[in-house]
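Here is the structure we will look at, set down as structure tokens.
Bear in mind these aren't lab numbers, they're just calculated from the coordinates by the rules spelled out. Bear in mind the structure is a predicted one, so any value in this text is a computation, not a measurement. Reconstructed Cβ throughout: ideal geometry from the backbone, glycine too, with neighbour counts over all protein chains shown.
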């Protein structure tokens, strides 16, 4: 097996990066927390929140990669079932994005300033204890790894880290321009809905591709 076997093929990697960009641009609870702290307190507070969530994502990446690799080693059929369940979950995320809209459609409530360390720990704790993050990682990553791949463990870890790398510069730019980003998303219903549909399209496309291929 090649030393770089953990790196997916270029078309798969390109599709994964596209999905990561769409996910990062879609306002969710994490982004609302980053921008909310940046607007109501400071950019440093936004970066502290981002650092806490990113640390949580690193932990999720390692744990999910190990768990999915163990599942694949135990049963390729069970892994395939997980992928199909994951496709259904991605379809639900696509539907929810269009139905409910993004998390910045509501105003960010003000709050008393907090220490950066406290903001970091709060973000880390919320991320680690959020079952939706665990479910998302466990169902999203398998869509980019085949059931019989001997380098699956390395690929899961590589994809999880790639997601963090891709999202970091986008998130940093948003935090630095938090006030403008927040006001723009709230002030333009058309733009907010376009982002919702972009996310729904990417998630739905990956789910449909998998389901049709299996059919």
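Okay, here's what the table says:
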| item | result |
| --- | --- |
| Proxy reagent accessibility, fewest Cβ within 10 Å first, across 99, 197 | 99, 197 |
| Ranked by how many other beta carbons lie within 10 Å on average, peptides 154-166, 115-127 from highest | 154-166, 115-127 |
| Sites residue 190 and residue 63 - FRET efficiency at Förster radius 41 Å, r taken between beta-carbons, to 0.05 | 0.55 |
| Per-peptide average of other Cβ atoms within 10 Å, ordering 136-142, 51-57 highest first | 136-142, 51-57 |
| Ascending count of other beta-carbon atoms within 10 Å, so fewest first, for 193, 180 | 180, 193 |
| Contour minus Cα-Cα distance for residue 146 and residue 10 (0.36 nm per residue) | 47.5 nm |
| Extension gain (nm, one decimal) between residue 77 and residue 117, 0.36 nm per residue minus Cα-Cα | 10.0 nm |
| Fully extended contour minus Cα-Cα distance, from residue 161 to residue 129, at 0.36 nm per residue | 9.6 nm |
| Sorted by Cβ density within 10 Å, fewest first, the residues 196, 9, 30, 149 | 9, 149, 196, 30 |
